[in-house]
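For reference, the structure is listed below as C-alpha coordinates.
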(Lines give C-alpha, C1' and ligand atoms only; values in the text may rest on other atoms or scores of the structure.)
Protein backbone atom coordinates (compact mmCIF):
# COMPACT_ATOMS: atom_id res chain seq x y z
CA UNK A 1 0.00 0.00 0.00
CA UNK A 2 1.51 3.30 -1.06
CA UNK A 3 0.25 6.56 -2.63
CA UNK A 4 0.61 8.24 0.77
CA UNK A 5 -0.57 11.82 0.94
CA UNK A 6 -1.85 13.99 3.74
CA UNK A 7 -5.08 15.80 3.04
CA UNK A 8 -6.82 18.00 5.59
CA UNK A 9 -9.88 20.20 5.53
CA UNK A 10 -11.83 22.11 8.09
CA UNK A 11 -13.95 19.12 9.07
CA UNK A 12 -11.00 16.72 9.34
CA UNK A 13 -10.16 13.60 7.36
CA UNK A 14 -13.12 11.96 5.63
CA UNK A 15 -13.29 8.84 3.47
CA UNK A 16 -16.42 7.31 1.97
CA UNK A 17 -16.49 3.60 1.05
CA UNK A 18 -18.89 2.09 -1.48
CA UNK A 19 -19.86 -1.28 -2.90
CA UNK A 20 -22.42 -1.52 -5.70
CA UNK A 21 -23.14 -3.07 -9.08
CA UNK A 22 -22.94 -6.74 -8.06
CA UNK A 23 -25.11 -7.48 -5.03
CA UNK A 24 -25.66 -6.11 -1.53
CA UNK A 25 -24.70 -2.49 -2.21
CA UNK A 26 -23.58 -0.45 0.78
CA UNK A 27 -21.93 2.77 1.87
CA UNK A 28 -19.89 3.84 4.90
CA UNK A 29 -18.07 6.89 6.19
CA UNK A 30 -14.84 7.11 8.19
CA UNK A 31 -14.29 10.53 9.75
CA UNK A 32 -11.12 11.35 11.67
CA UNK A 33 -10.35 7.65 11.92
CA UNK A 34 -13.74 6.59 13.33
CA UNK A 35 -16.40 4.58 11.52
CA UNK A 36 -19.44 6.79 11.99
CA UNK A 37 -21.99 5.11 9.77
CA UNK A 38 -22.41 2.08 7.49
CA UNK A 39 -25.59 0.85 5.86
CA UNK A 40 -26.89 -1.38 3.06
CA UNK A 41 -28.94 0.12 0.26
CA UNK A 42 -31.54 -2.66 0.52
CA UNK A 43 -32.75 -1.15 3.79
CA UNK A 44 -33.77 1.99 1.91
CA UNK A 45 -34.99 0.53 -1.39
CA UNK A 46 -36.68 -2.49 0.26
CA UNK A 47 -35.24 -4.72 -2.50
CA UNK A 48 -33.42 -7.60 -0.84
CA UNK A 49 -29.69 -7.66 -1.66
CA UNK A 50 -30.14 -4.56 -3.79
CA UNK A 51 -27.13 -4.01 -6.07
CA UNK A 52 -27.99 -0.50 -7.29
CA UNK A 53 -25.91 2.60 -6.63
CA UNK A 54 -26.21 3.38 -2.88
CA UNK A 55 -27.70 6.85 -3.24
CA UNK A 56 -29.77 6.79 -0.09
CA UNK A 57 -27.02 5.10 1.91
CA UNK A 58 -24.57 7.80 0.79
CA UNK A 59 -27.04 10.53 1.73
CA UNK A 60 -27.48 9.04 5.19
CA UNK A 61 -23.72 8.63 5.77
CA UNK A 62 -23.04 12.26 4.83
CA UNK A 63 -25.88 13.53 6.99
CA UNK A 64 -24.81 11.46 9.99
CA UNK A 65 -21.18 12.57 9.67
CA UNK A 66 -22.37 16.16 9.19
CA UNK A 67 -20.26 16.69 6.09
CA UNK A 68 -20.93 17.70 2.51
CA UNK A 69 -19.65 15.76 -0.48
CA UNK A 70 -17.11 18.44 -1.38
CA UNK A 71 -15.51 17.98 2.05
CA UNK A 72 -14.80 14.29 1.39
CA UNK A 73 -11.11 13.52 0.82
CA UNK A 74 -11.78 10.30 -1.09
CA UNK A 75 -14.52 7.94 -2.26
CA UNK A 76 -13.28 4.34 -2.27
CA UNK A 77 -14.77 1.60 -4.44
CA UNK A 78 -14.49 -2.04 -3.41
CA UNK A 79 -13.17 -3.84 -6.50
CA UNK A 80 -11.16 -3.41 -9.70
CA UNK A 81 -13.75 -3.27 -12.49
CA UNK A 82 -11.16 -3.77 -15.26
CA UNK A 83 -9.81 -6.98 -13.74
CA UNK A 84 -13.33 -8.21 -13.13
CA UNK A 85 -14.30 -7.41 -16.74
CA UNK A 86 -11.32 -9.45 -17.98
CA UNK A 87 -12.71 -12.46 -16.14
CA UNK A 88 -16.22 -11.80 -17.45
CA UNK A 89 -14.94 -11.53 -21.02
CA UNK A 90 -13.08 -14.81 -20.59
CA UNK A 91 -16.29 -16.46 -19.38
CA UNK A 92 -18.27 -15.01 -22.28
CA UNK A 93 -15.83 -16.35 -24.88
CA UNK A 94 -15.89 -19.96 -23.67
CA UNK A 95 -17.27 -22.34 -26.32
CA UNK A 96 -21.00 -22.99 -25.80
CA UNK A 97 -21.23 -20.27 -23.18
CA UNK A 98 -24.74 -19.23 -22.14
CA UNK A 99 -26.06 -16.70 -24.75
CA UNK A 100 -27.45 -14.52 -21.96
CA UNK A 101 -23.98 -14.32 -20.45
CA UNK A 102 -22.48 -13.23 -23.77
CA UNK A 103 -25.05 -10.46 -24.04
CA UNK A 104 -24.30 -9.38 -20.47
CA UNK A 105 -20.56 -9.27 -21.17
CA UNK A 106 -21.22 -7.00 -24.14
CA UNK A 107 -23.41 -4.78 -21.97
CA UNK A 108 -20.63 -4.53 -19.38
CA UNK A 109 -18.15 -3.58 -22.09
CA UNK A 110 -20.41 -0.68 -23.06
CA UNK A 111 -21.41 0.58 -19.63
CA UNK A 112 -19.65 3.18 -17.50
CA UNK A 113 -16.81 2.36 -15.14
CA UNK A 114 -17.61 2.64 -11.41
CA UNK A 115 -15.63 5.87 -11.00
CA UNK A 116 -17.59 7.42 -13.87
CA UNK A 117 -20.86 6.25 -12.30
CA UNK A 118 -19.86 7.83 -8.99
CA UNK A 119 -19.05 11.16 -10.62
CA UNK A 120 -22.15 11.21 -12.84
CA UNK A 121 -24.58 10.40 -10.05
CA UNK A 122 -23.03 12.47 -7.26
CA UNK A 123 -21.14 15.23 -9.07
CA UNK A 124 -18.11 14.42 -6.91
CA UNK A 125 -14.88 15.80 -8.39
CA UNK A 126 -12.40 14.64 -5.75
CA UNK A 127 -10.14 11.62 -5.45
CA UNK A 128 -11.63 8.16 -6.20
CA UNK A 129 -9.66 5.14 -5.01
CA UNK A 130 -10.04 1.54 -6.19
CA UNK A 131 -9.34 -1.43 -3.95
CA UNK A 132 -9.34 -5.02 -5.17
CA UNK A 133 -12.24 -7.16 -3.95
CA UNK A 134 -10.38 -9.52 -1.63
CA UNK A 135 -8.18 -6.77 -0.25
CA UNK A 136 -11.39 -4.93 0.65
CA UNK A 137 -12.66 -8.04 2.43
CA UNK A 138 -9.35 -8.46 4.26
CA UNK A 139 -9.17 -4.80 5.28
CA UNK A 140 -12.77 -4.81 6.53
CA UNK A 141 -11.89 -7.44 9.10
CA UNK A 142 -8.23 -6.77 10.00
CA UNK A 143 -8.31 -3.02 10.50
CA UNK A 144 -11.32 -3.24 12.84
CA UNK A 145 -10.41 -6.45 14.66
CA UNK A 146 -8.63 -4.92 17.63
CA UNK A 147 -5.46 -6.79 16.64
CA UNK A 148 -2.11 -5.18 15.80
CA UNK A 149 -0.89 -8.41 14.21
CA UNK A 150 -3.05 -11.07 12.56
CA UNK A 151 -3.37 -13.67 9.84
CA UNK A 152 -6.27 -12.93 7.51
CA UNK A 153 -8.36 -15.41 5.52
CA UNK A 154 -11.00 -14.31 3.02
CA UNK A 155 -13.23 -16.80 1.21
CA UNK A 156 -16.18 -16.12 -1.10
CA UNK A 157 -17.61 -17.05 -4.51
CA UNK A 158 -15.42 -14.78 -6.62
CA UNK A 159 -14.20 -11.21 -6.72
CA UNK A 160 -12.28 -10.12 -9.81
CA UNK A 161 -10.37 -13.40 -10.20
CA UNK A 162 -9.56 -14.30 -6.60
CA UNK A 163 -11.87 -16.61 -4.64
CA UNK A 164 -9.66 -17.13 -1.57
CA UNK A 165 -6.89 -14.96 -0.17
CA UNK A 166 -4.27 -15.32 2.55
CA UNK A 167 -2.89 -12.15 4.14
CA UNK A 168 -0.78 -10.80 6.97
CA UNK A 169 -1.77 -7.68 8.81
CA UNK A 170 0.76 -5.90 11.01
CA UNK A 171 0.20 -2.36 12.21
CA UNK A 172 -0.94 -0.31 9.23
CA UNK A 173 0.40 -2.88 6.76
CA UNK A 174 -1.89 -5.46 5.16
CA UNK A 175 -0.49 -7.63 2.39
CA UNK A 176 -2.06 -10.51 0.46
CA UNK A 177 0.67 -13.11 -0.11
CA UNK A 178 -1.32 -15.87 -1.82
CA UNK A 179 -4.59 -16.28 -3.69
CA UNK A 180 -6.71 -19.01 -5.24
CA UNK A 181 -8.26 -17.89 -8.52
CA UNK A 182 -11.48 -18.51 -10.42
CA UNK A 183 -12.99 -20.92 -11.35
CA UNK A 184 -11.60 -22.75 -8.31
CA UNK A 185 -13.76 -21.58 -5.43
CA UNK A 186 -14.90 -22.99 -2.10
CA UNK A 187 -17.78 -20.54 -2.18
CA UNK A 188 -18.92 -21.76 -5.60
CA UNK A 189 -18.64 -25.36 -4.44
CA UNK A 190 -21.02 -24.57 -1.58
CA UNK A 191 -23.32 -22.60 -3.90
CA UNK A 192 -23.41 -25.46 -6.41
CA UNK A 193 -24.72 -27.94 -3.84
CA UNK A 194 -27.06 -25.22 -2.56
CA UNK A 195 -28.54 -25.07 -6.07
CA UNK A 196 -28.62 -28.87 -6.32
CA UNK A 197 -30.67 -28.92 -3.12
CA UNK A 198 -33.23 -26.53 -4.62
CA UNK A 199 -32.27 -23.35 -2.78
CA UNK A 200 -31.43 -19.98 -4.32
CA UNK A 201 -27.78 -19.34 -5.08
CA UNK A 202 -26.36 -16.23 -3.36
CA UNK A 203 -29.02 -16.31 -0.64
CA UNK A 204 -29.94 -19.89 0.23
CA UNK A 205 -26.54 -21.06 1.45
CA UNK A 206 -27.43 -20.33 5.07
CA UNK A 207 -30.50 -22.58 4.67
CA UNK A 208 -28.20 -25.46 3.74
CA UNK A 209 -26.17 -24.75 6.89
CA UNK A 210 -29.39 -24.84 8.95
CA UNK A 211 -30.56 -28.05 7.26
CA UNK A 212 -27.26 -29.89 7.80
CA UNK A 213 -27.75 -30.93 11.46
CA UNK A 214 -30.75 -33.05 10.43
CA UNK A 215 -28.55 -35.27 8.27
CA UNK A 216 -25.56 -37.59 8.38
CA UNK A 217 -22.37 -36.99 6.34
CA UNK A 218 -22.81 -40.10 4.21
CA UNK A 219 -22.12 -38.17 0.99
CA UNK A 220 -18.94 -36.53 2.26
CA UNK A 221 -16.65 -38.55 0.00
CA UNK A 222 -18.72 -37.59 -3.05
CA UNK A 223 -18.50 -33.93 -2.02
CA UNK A 224 -14.75 -34.16 -1.54
CA UNK A 225 -14.50 -35.68 -5.02
CA UNK A 226 -15.51 -32.24 -6.31
CA UNK A 227 -12.34 -30.60 -4.98
CA UNK A 228 -8.66 -31.49 -5.07
CA UNK A 229 -6.60 -30.15 -2.18
CA UNK A 230 -3.19 -28.91 -3.28
CA UNK A 231 -0.03 -27.62 -1.67
CA UNK A 232 0.06 -24.41 0.35
CA UNK A 233 -3.24 -22.57 0.20
CA UNK A 234 -4.24 -23.97 -3.16
CA UNK A 235 -7.08 -26.25 -4.22
CA UNK A 236 -8.81 -27.01 -7.49
CA UNK A 237 -12.40 -27.82 -8.41
CA UNK A 238 -12.99 -30.88 -10.56
CA UNK A 239 -14.77 -28.96 -13.30
CA UNK A 240 -16.47 -31.96 -14.89
CA UNK A 241 -18.99 -31.76 -12.03
CA UNK A 242 -19.70 -28.04 -12.52
CA UNK A 243 -21.39 -26.18 -15.37
CA UNK A 244 -21.39 -22.56 -14.18
CA UNK A 245 -18.82 -21.61 -16.82
CA UNK A 246 -21.12 -22.50 -19.69
CA UNK A 247 -24.79 -22.59 -18.75
CA UNK A 248 -27.46 -21.15 -16.52
CA UNK A 249 -27.07 -23.82 -13.88
CA UNK A 250 -24.28 -24.53 -11.41
CA UNK A 251 -23.87 -28.32 -11.74
CA UNK A 252 -23.34 -30.74 -14.62
CA UNK A 253 -24.96 -34.06 -15.44
CA UNK A 254 -21.82 -35.67 -14.01
CA UNK A 255 -22.69 -34.32 -10.57
CA UNK A 256 -26.21 -35.73 -10.85
CA UNK A 257 -24.69 -39.14 -11.67
CA UNK A 258 -22.20 -38.84 -8.80
CA UNK A 259 -24.92 -38.06 -6.25
CA UNK A 260 -27.20 -40.77 -7.63
CA UNK A 261 -30.39 -38.71 -7.55
CA UNK A 262 -32.13 -35.91 -9.37
CA UNK A 263 -31.71 -32.33 -8.09
CA UNK A 264 -34.46 -31.20 -5.72
CA UNK A 265 -37.05 -28.88 -7.21
CA UNK A 266 -37.36 -25.54 -5.37
CA UNK A 267 -40.07 -25.46 -2.68
CA UNK A 268 -40.62 -29.23 -2.94
CA UNK A 269 -40.52 -31.65 -0.03
CA UNK A 270 -37.21 -32.08 1.77
CA UNK A 271 -36.31 -35.75 2.20
CA UNK A 272 -33.67 -37.33 4.40
CA UNK A 273 -31.31 -37.64 1.45
CA UNK A 274 -31.32 -33.85 1.04
CA UNK A 275 -30.48 -33.43 4.72
CA UNK A 276 -27.64 -35.95 4.36
CA UNK A 277 -26.22 -34.06 1.38
CA UNK A 278 -26.41 -30.78 3.32
CA UNK A 279 -24.60 -32.36 6.27
CA UNK A 280 -21.95 -33.83 3.98
CA UNK A 281 -21.34 -30.47 2.34
CA UNK A 282 -21.11 -28.68 5.67
CA UNK A 283 -18.63 -31.17 7.13
CA UNK A 284 -16.54 -31.07 3.96
CA UNK A 285 -16.45 -27.26 4.09
CA UNK A 286 -15.32 -27.30 7.71
CA UNK A 287 -12.54 -29.80 7.00
CA UNK A 288 -11.32 -27.84 3.96
CA UNK A 289 -11.27 -24.56 5.90
CA UNK A 290 -9.49 -26.14 8.88
CA UNK A 291 -6.77 -27.50 6.59
CA UNK A 292 -6.22 -24.08 5.00
CA UNK A 293 -6.33 -22.32 8.37
CA UNK A 294 -3.51 -24.60 9.57
CA UNK A 295 -1.54 -23.71 6.46
CA UNK A 296 -2.13 -20.01 7.10
CA UNK A 297 -0.85 -20.40 10.66
CA UNK A 298 2.37 -21.92 9.32
CA UNK A 299 2.87 -18.80 7.21
CA UNK A 300 1.66 -16.29 9.82
CA UNK A 301 2.10 -17.78 13.33
CA UNK A 302 0.14 -15.06 15.04
CA UNK A 303 -2.26 -15.57 17.95
CA UNK A 304 -4.94 -13.88 15.89
CA UNK A 305 -7.03 -14.84 12.87
CA UNK A 306 -9.36 -12.47 11.00
CA UNK A 307 -11.94 -13.70 8.49
CA UNK A 308 -14.29 -12.12 5.94
CA UNK A 309 -16.04 -12.95 2.67
CA UNK A 310 -19.40 -14.66 2.24
CA UNK A 311 -18.13 -18.03 3.45
CA UNK A 312 -17.11 -16.37 6.74
CA UNK A 313 -20.84 -16.03 7.49
CA UNK A 314 -20.93 -19.82 7.96
CA UNK A 315 -21.09 -19.67 11.74
CA UNK A 316 -20.86 -23.46 12.16
CA UNK A 317 -17.51 -23.54 10.37
CA UNK A 318 -16.37 -20.50 12.36
CA UNK A 319 -17.15 -22.32 15.59
CA UNK A 320 -14.97 -25.27 14.59
CA UNK A 321 -12.14 -22.95 13.53
CA UNK A 322 -12.33 -21.23 16.92
CA UNK A 323 -12.35 -24.52 18.86
CA UNK A 324 -10.06 -26.70 16.73
CA UNK A 325 -7.88 -24.27 14.78
CA UNK A 326 -4.35 -23.22 15.76
CA UNK A 327 -5.20 -19.55 16.46
CA UNK A 328 -6.08 -18.37 19.96
CA UNK A 329 -8.34 -15.52 18.86
CA UNK A 330 -10.79 -15.21 15.98
CA UNK A 331 -12.50 -12.08 14.67
CA UNK A 332 -15.13 -12.33 11.93
CA UNK A 333 -16.35 -9.07 10.45
CA UNK A 334 -20.11 -8.76 11.19
CA UNK A 335 -20.85 -7.65 7.60
CA UNK A 336 -18.59 -10.25 6.02
CA UNK A 337 -20.46 -10.36 2.71
CA UNK A 338 -20.04 -7.80 -0.04
CA UNK A 339 -21.72 -5.06 2.00
CA UNK A 340 -18.70 -5.09 4.30
CA UNK A 341 -16.31 -4.44 1.42
CA UNK A 342 -17.47 -0.82 1.47
CA UNK A 343 -15.87 -0.57 4.90
CA UNK A 344 -12.76 -2.40 3.74
CA UNK A 345 -12.32 -0.20 0.67
CA UNK A 346 -12.58 2.89 2.87
CA UNK A 347 -9.94 1.49 5.24
CA UNK A 348 -7.57 0.68 2.37
CA UNK A 349 -7.97 4.19 1.00
CA UNK A 350 -7.44 5.66 4.47
CA UNK A 351 -4.10 3.91 4.88
CA UNK A 352 -2.96 4.90 1.40
CA UNK A 353 -3.98 8.52 1.85
CA UNK A 354 -2.85 9.18 5.39
CA UNK A 355 -0.10 6.61 5.99
CA UNK A 356 -1.76 5.17 9.09
CA UNK A 357 -4.53 2.75 9.95
CA UNK A 358 -7.84 4.22 11.14
CA UNK A 359 -7.70 5.20 14.81
CA UNK A 360 -10.72 2.99 15.52
CA UNK A 361 -9.02 -0.38 15.68
CA UNK A 362 -11.85 -2.57 16.93
CA UNK A 363 -15.57 -3.14 16.39
CA UNK A 364 -17.37 -2.40 19.67
CA UNK A 365 -20.77 -2.90 18.03
CA UNK A 366 -22.51 -3.09 14.64
CA UNK A 367 -25.12 -0.38 15.26
CA UNK A 368 -24.04 1.90 12.42
CA UNK A 369 -27.33 2.53 10.62
CA UNK A 370 -30.24 4.91 10.82
CA UNK A 371 -32.12 5.77 14.03
CA UNK A 372 -35.55 7.31 14.64
CA UNK A 373 -36.24 9.94 17.28
CA UNK A 374 -39.07 9.67 19.79
CA UNK A 375 -40.64 12.75 18.24
CA UNK A 376 -40.59 11.13 14.80
CA UNK A 377 -42.21 7.95 16.10
CA UNK A 378 -44.78 9.88 18.15
CA UNK A 379 -45.78 11.88 15.09
CA UNK A 380 -46.18 8.75 12.97
CA UNK A 381 -48.33 6.99 15.57
CA UNK A 382 -50.41 10.07 16.33
CA UNK A 383 -51.19 10.60 12.65
CA UNK A 384 -51.98 6.91 12.13
CA UNK A 385 -54.84 6.96 14.58
CA UNK A 386 -53.77 3.63 16.10
CA UNK A 387 -53.88 3.20 19.87
CA UNK A 388 -50.46 3.20 21.55
CA UNK A 389 -48.85 3.55 24.98
CA UNK A 390 -46.24 6.25 25.62
CA UNK A 391 -43.30 5.29 27.83
CA UNK A 392 -41.07 8.30 27.17
CA UNK A 393 -38.95 8.96 30.22
CA UNK A 394 -39.90 5.61 31.74
CA UNK A 395 -37.53 3.04 30.27
CA UNK A 396 -37.68 0.81 33.35
CA UNK A 397 -41.43 0.26 32.98
CA UNK A 398 -41.16 -0.26 29.22
CA UNK A 399 -38.55 -2.97 29.78
CA UNK A 400 -40.62 -4.59 32.55
CA UNK A 401 -43.72 -4.63 30.35
CA UNK A 402 -41.80 -6.20 27.47
CA UNK A 403 -40.13 -8.86 29.64
CA UNK A 404 -43.49 -9.79 31.16
CA UNK A 405 -45.17 -10.18 27.78
CA UNK A 406 -42.30 -12.36 26.51
CA UNK A 407 -42.58 -14.55 29.60
CA UNK A 408 -46.30 -14.97 28.83
CA UNK A 409 -45.55 -16.30 25.35
CA UNK A 410 -45.99 -13.14 23.28
CA UNK A 411 -43.91 -12.45 20.15
CA UNK A 412 -42.36 -8.99 20.21
CA UNK A 413 -41.24 -6.65 17.45
CA UNK A 414 -38.29 -4.71 18.91
CA UNK A 415 -37.24 -1.48 17.15
CA UNK A 416 -34.57 0.41 19.13
CA UNK A 417 -31.71 2.78 18.34
CA UNK A 418 -29.48 2.61 15.31
CA UNK A 419 -29.90 -0.21 12.80
CA UNK A 420 -27.37 -3.02 12.53
CA UNK A 421 -24.82 -3.20 9.68
CA UNK A 422 -24.71 -6.70 8.22
CA UNK A 423 -27.18 -9.56 7.94
CA UNK A 424 -27.70 -10.31 11.66
CA UNK A 425 -30.31 -8.72 13.92
CA UNK A 426 -28.52 -7.84 17.14
CA UNK A 427 -31.21 -6.24 19.26
CA UNK A 428 -31.91 -3.09 17.26
CA UNK A 429 -34.26 -4.48 14.58
CA UNK A 430 -35.29 -7.79 16.14
CA UNK A 431 -38.20 -10.13 16.73
CA UNK A 432 -38.03 -11.48 20.29
CA UNK A 433 -39.66 -14.39 22.09
CA UNK A 434 -39.32 -16.83 24.99
CA UNK A 435 -36.70 -19.50 24.18
CA UNK A 436 -38.17 -21.92 26.75
CA UNK A 437 -41.42 -22.56 24.87
CA UNK A 438 -41.46 -25.73 22.79
CA UNK A 439 -43.89 -24.35 20.21
CA UNK A 440 -42.24 -20.96 19.75
CA UNK A 441 -39.89 -21.88 16.90
CA UNK A 442 -42.72 -23.36 14.83
CA UNK A 443 -44.99 -20.43 15.65
CA UNK A 444 -42.49 -17.82 14.46
CA UNK A 445 -41.42 -19.84 11.42
CA UNK A 446 -44.95 -20.44 10.17
CA UNK A 447 -46.87 -17.33 11.22
CA UNK A 448 -44.28 -14.58 11.52
CA UNK A 449 -41.22 -15.34 9.41
CA UNK A 450 -43.16 -17.44 6.87
CA UNK A 451 -40.15 -19.65 6.24
CA UNK A 452 -38.95 -23.27 6.39
CA UNK A 453 -39.64 -25.07 9.68
CA UNK A 454 -36.13 -26.56 9.92
CA UNK A 455 -34.38 -23.23 10.26
CA UNK A 456 -33.14 -22.41 13.78
CA UNK A 457 -33.41 -19.21 15.79
CA UNK A 458 -30.60 -17.63 17.75
CA UNK A 459 -30.33 -16.81 21.46
CA UNK A 460 -29.30 -13.43 22.83
CA UNK A 461 -27.80 -13.77 26.31
CA UNK A 462 -26.39 -11.47 28.95
CA UNK A 463 -22.64 -11.63 28.30
CA UNK A 464 -21.83 -12.07 31.99
CA UNK A 465 -23.97 -15.22 32.18
CA UNK A 466 -23.22 -16.75 28.76
CA UNK A 467 -20.84 -19.45 29.97
CA UNK A 468 -23.47 -20.72 32.42
CA UNK A 469 -25.65 -21.80 29.50
CA UNK A 470 -23.38 -22.25 26.49
CA UNK A 471 -19.98 -23.85 25.74
CA UNK A 472 -18.58 -20.39 25.21
CA UNK A 473 -15.49 -18.93 26.87
CA UNK A 474 -15.11 -15.93 24.54
CA UNK A 475 -17.37 -13.03 23.49
CA UNK A 476 -19.74 -13.62 20.57
CA UNK A 477 -21.36 -10.22 20.02
CA UNK A 478 -22.18 -10.64 16.32
CA UNK A 479 -23.87 -14.07 16.21
CA UNK A 480 -21.16 -15.47 13.94
CA UNK A 481 -20.22 -18.70 15.72
CA UNK A 482 -22.10 -21.72 17.00
CA UNK A 483 -21.45 -23.67 20.16
CA UNK A 484 -23.15 -26.36 22.27
CA UNK A 485 -26.02 -25.54 24.59
CA UNK A 486 -25.08 -26.53 28.16
CA UNK A 487 -27.89 -24.87 30.08
CA UNK A 488 -29.83 -26.48 32.90
CA UNK A 489 -32.83 -24.63 31.45
CA UNK A 490 -34.70 -26.38 28.65
CA UNK A 491 -34.36 -24.05 25.64
CA UNK A 492 -36.13 -25.79 22.75
CA UNK A 493 -36.84 -22.65 20.72
CA UNK A 494 -33.15 -21.77 20.25
CA UNK A 495 -31.48 -25.19 20.50
CA UNK A 496 -30.89 -26.78 17.12
CA UNK A 497 -31.38 -30.49 16.54
CA UNK A 498 -27.63 -31.10 17.09
CA UNK A 499 -27.73 -29.25 20.47
CA UNK A 500 -26.03 -26.18 19.00
CA UNK A 501 -26.94 -22.49 19.04
CA UNK A 502 -25.72 -19.37 17.27
CA UNK A 503 -25.19 -17.17 20.31
CA UNK A 504 -25.16 -13.40 20.64
CA UNK A 505 -23.56 -12.14 23.85
CA UNK A 506 -24.93 -8.75 24.91
CA UNK A 507 -23.22 -6.19 27.14
CA UNK A 508 -24.63 -3.06 28.72
CA UNK A 509 -21.89 -1.07 26.97
CA UNK A 510 -22.87 -2.22 23.48
CA UNK A 511 -26.68 -2.10 23.84
CA UNK A 512 -27.96 -0.77 27.15
CA UNK A 513 -31.70 -1.19 26.58
CA UNK A 514 -31.42 -4.70 25.13
CA UNK A 515 -29.19 -5.74 28.01
CA UNK A 516 -31.70 -4.27 30.46
CA UNK A 517 -34.43 -6.34 28.84
CA UNK A 518 -32.37 -9.51 29.20
CA UNK A 519 -31.64 -8.65 32.83
CA UNK A 520 -35.33 -8.02 33.57
CA UNK A 521 -36.34 -11.26 31.83
CA UNK A 522 -33.76 -13.07 33.96
CA UNK A 523 -35.14 -11.49 37.14
CA UNK A 524 -38.62 -12.59 36.15
CA UNK A 525 -37.85 -16.11 34.90
CA UNK A 526 -34.31 -17.05 36.03
CA UNK A 527 -33.45 -17.19 32.32
CA UNK A 528 -31.03 -14.53 30.96
CA UNK A 529 -31.71 -15.61 27.37
CA UNK A 530 -34.21 -14.39 24.77
CA UNK A 531 -34.89 -15.75 21.28
CA UNK A 532 -33.70 -13.15 18.76
CA UNK A 533 -34.33 -13.14 15.02
CA UNK A 534 -34.37 -10.43 12.37
CA UNK A 535 -37.33 -8.07 12.13
CA UNK A 536 -38.62 -8.92 8.64
CA UNK A 537 -40.79 -11.36 6.78
CA UNK A 538 -39.58 -13.77 4.12
CA UNK A 539 -38.34 -12.03 0.98
CA UNK A 540 -37.95 -8.58 2.55
CA UNK A 541 -34.93 -6.79 4.02
CA UNK A 542 -34.81 -6.08 7.73
CA UNK A 543 -36.98 -3.09 8.66
CA UNK A 544 -35.32 0.33 8.67
CA UNK A 545 -37.91 2.96 9.63
CA UNK A 546 -40.76 3.09 12.15
CA UNK A 547 -43.18 2.77 9.21
CA UNK A 548 -41.35 -0.35 7.96
CA UNK A 549 -41.61 -1.78 11.48
CA UNK A 550 -45.30 -0.96 11.77
CA UNK A 551 -46.03 -2.52 8.37
CA UNK A 552 -44.09 -5.70 9.16
CA UNK A 553 -45.71 -5.87 12.60
CA UNK A 554 -49.19 -5.88 11.06
CA UNK A 555 -48.30 -8.22 8.16
CA UNK A 556 -46.65 -10.79 10.44
CA UNK A 557 -49.32 -10.68 13.19
CA UNK A 558 -46.69 -10.05 15.87
CA UNK A 559 -48.31 -9.64 19.30
CA UNK A 560 -46.64 -6.39 20.40
CA UNK A 561 -44.45 -3.76 18.77
CA UNK A 562 -41.97 -1.93 21.01
CA UNK A 563 -41.25 1.03 18.77
CA UNK A 564 -38.65 3.12 20.56
CA UNK A 565 -40.45 4.43 23.67
CA UNK A 566 -43.90 3.38 22.46
CA UNK A 567 -45.88 0.13 22.62
CA UNK A 568 -48.55 -1.02 20.17
CA UNK A 569 -50.66 -4.15 20.59
CA UNK A 570 -51.78 -6.25 17.62
CA UNK A 571 -55.18 -6.34 19.23
CA UNK A 572 -55.49 -2.58 18.68
CA UNK A 573 -54.73 -2.66 14.95
CA UNK A 574 -57.84 -1.93 12.81
CA UNK A 575 -58.95 -4.83 10.61
CA UNK A 576 -58.80 -2.66 7.49
CA UNK A 577 -55.06 -2.11 8.13
CA UNK A 578 -54.45 -5.85 8.11
CA UNK A 579 -56.26 -6.28 4.80
CA UNK A 580 -54.38 -3.38 3.21
CA UNK A 581 -50.94 -4.48 4.38
CA UNK A 582 -51.48 -8.12 3.41
CA UNK A 583 -52.20 -6.99 -0.17
CA UNK A 584 -48.98 -4.94 -0.44
CA UNK A 585 -46.54 -6.75 -2.78
CA UNK A 586 -42.95 -7.39 -1.76
CA UNK A 587 -40.46 -5.56 -3.99
CA UNK A 588 -38.38 -7.79 -6.23
CA UNK A 589 -35.01 -7.38 -7.90
CA UNK A 590 -35.54 -6.48 -11.58
CA UNK A 591 -32.50 -8.50 -12.68
CA UNK A 592 -33.77 -11.11 -15.19
CA UNK A 593 -31.66 -13.72 -13.42
CA UNK A 594 -33.13 -12.92 -9.97
CA UNK A 595 -36.06 -15.33 -10.31
CA UNK A 596 -34.88 -18.71 -9.14
CA UNK A 597 -31.21 -17.74 -8.74
CA UNK A 598 -30.15 -20.98 -10.42
CA UNK A 599 -26.64 -19.69 -11.08
CA UNK A 600 -24.18 -17.48 -9.24
CA UNK A 601 -24.40 -13.81 -10.27
CA UNK A 602 -21.01 -13.66 -11.98
CA UNK A 603 -21.96 -10.46 -13.81
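The values are calculated or read from the model by the stated rules, or taken from the named source; none is laboratory data. The structure presented is a predicted model; accordingly, all values stated were derived computationally and were not measured. Using ideal geometry, Cβ is built from the backbone for each residue, glycine included, and neighbour counts are taken over all protein chains shown.
Considering only the range 232-250, how many residues are in a loop (DSSP other than H, G, I, E, B) and closer than 18 Å to residue 162 by Cβ?
Of the residues in that region, 5 qualify.
Can you work out which of the residues in the range 473-486 that are over 22 Å from the mean Cα position of the chain (by Cα) and part of a loop (DSSP other than H, G, I, E, B) is surrounded by the fewest Cβ atoms within 10 Å (Cβ to Cβ)?
The selected residue is 473.
Name the one entry in 374, 359, 382 that is surrounded by fewer than 23 Cβ atoms within 10 Å (Cβ to Cβ), within 23 Å of residue 546 (Cα to Cα) and in contact (Cβ under 8 Å) with a residue 12 or more places away in the chain.
Exactly one residue qualifies, and that residue is 374.
Taking the criterion of being closer than 17 Å to residue 137 by Cα, in contact with a helix residue (DSSP H, G or I) (Cβ under 9 Å, 6 or more places away or on another chain) and not assigned by TED's automatic domain parsing to the domain that holds residue 51, would at least one residue in the range 186-200 satisfy it?
Checked the range 186-200: at least one residue is closer than 17 Å to residue 137 by Cα, in contact with a helix residue (DSSP H, G or I) (Cβ under 9 Å, 6 or more places away or on another chain) and not assigned by TED's automatic domain parsing to the domain that holds residue 51.
So for the range 248-267 (the condition being surrounded by 18 or more Cβ atoms within 10 Å (Cβ to Cβ), without any contact (Cβ under 8 Å) to a residue 60 or more places away in the chain and under 26 Å from the mean Cα position of the chain (by Cα)), does at least one residue qualify?
yes
For residue 290, state whether it is closer than 29 Å to residue 87 by Cβ, out of contact with any strand residue (DSSP E or B) (no Cβ under 8 Å at 6 or more places or on another chain) and surrounded by fewer than 22 Cβ atoms within 10 Å (Cβ to Cβ).
Against the criterion (closer than 29 Å to residue 87 by Cβ, out of contact with any strand residue (DSSP E or B) (no Cβ under 8 Å at 6 or more places or on another chain) and surrounded by fewer than 22 Cβ atoms within 10 Å (Cβ to Cβ)), residue 290 qualifies.
Would you point out which residue out of 87, 59, 43 is surrounded by fewer than 21 Cβ atoms within 10 Å (Cβ to Cβ), under 17 Å from residue 371 (Cα atoms) and not assigned by TED's automatic domain parsing to the domain that holds residue 544?
59
What number of residues within the range 110-133 satisfy the criterion of being in contact (Cβ under 8 Å) with a residue 12 or more places away in the chain, under 29 Å from residue 176 (Cα atoms) and assigned to a loop (DSSP other than H, G, I, E, B)?
The number of residues fulfilling the criteria is 4.
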